[in-house]
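Just so it is clear, none of the values below were taken in a lab; they were calculated from the coordinates. Since the model is a prediction, treat every value here as computed from it, not as a measurement. Methodologically, a virtual Cβ is constructed for each residue, glycine included, from the backbone with ideal geometry; neighbour enumeration extends over all protein chains shown.
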Amino acid sequence: MAEILLVVDEIIAFMPEGNLPVPTGREVIEPTNTAIRHAKQVGIKIIKANDSHPENSIHFDTWPPHAIAGTPDAKPPVELLHDDDMTTLLKGTGPNEHGYSAFEGRSQDGTTLDDMVGEGDTIHIAGLVTEHCIMTAALDSASRGIKTRVLSDAIRPFNEQEAAAAIRKMEDAGVVFSSVSEFIATHPIPQ
């Protein structure tokens, strides 16, 4: 069975200095890096799913322009770990795409998350924003029969009240909330 650490939208757009800032967005970087380091040690595949919108995206009918493809806003912060073994999926790339869910993303070669995981597999999710892209990815994952775990200390919301409702909705769909320390404890490093 496949197991994946999915890092969602940890890009400049959602950092405090970005065009659609989450005031506490930078707080996800350290716990996510801890999860990434551990995932690499135990052989869990790491996938990043990032917004990368065209300037004429319908997404901007709802949201301020952000994460425009090719701009610094669409890039991850330099502190976030990355290497060539990680796959990056870009979402919201077409003018008529919103790209809320990581399952809408595609890699440079056209690979999707559905190509990498399926029923019975496990996804651990970290990133931004709790009540939008985290929720959508988690619900899409759970609806596919994938064991879905959200690392609660590696996510942050725009709005705490909306996030609380989103968390209830995810839990009702069978999504489990855990922490990075639980992720590490349940995946011991092979001796």
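Side notes on the structure shown:
- Residue list for the stretch 132-174, filter: assigned to a strand (DSSP E or B) and in contact with a helix residue (DSSP H, G or I) (Cβ under 7 Å, 6 or more places away or on another chain): T148, V150, L151, D153, A154, I155, R156
- With respect to (1) among the small types (G, A, S); (2) touching a residue at least 24 places away in the same chain (Cβ under 8 Å); (3) under 22 Å from A35 (Cα atoms); (4) exposed (fewer than 15 other Cβ atoms within 10 Å of the Cβ), the lone exception for A165 is condition (3).
- When residues in the stretch 119-131 are screened for being part of a strand (DSSP E or B) and on the phi < 0 side of the Ramachandran plot, 6 of them pass.
- For the stretch 98-105, the condition of being loosely packed, with under 14 Cβ neighbours inside 10 Å and either under 22 Å from P31 (Cβ atoms) or within 13 Å of the chain's Cα centre (by Cα) (or both) holds for none of the residues.
- Subset of the stretch 53-96 [part of a loop (DSSP other than H, G, I, E, B), closer than 20 Å to I4 by Cβ and either without any contact (Cβ under 8 Å) to a residue 60 or more places away in the chain or touching a Leu at 6+ places or on another chain (Cβ under 8 Å) (or both)]: L81, H82, D83, D84, D85, M86
- Just one of the numbered conditions (1) at positive phi; (2) in contact with a strand residue (DSSP E or B) (Cβ under 7 Å, 6 or more places away or on another chain) is not true of I134: (1).
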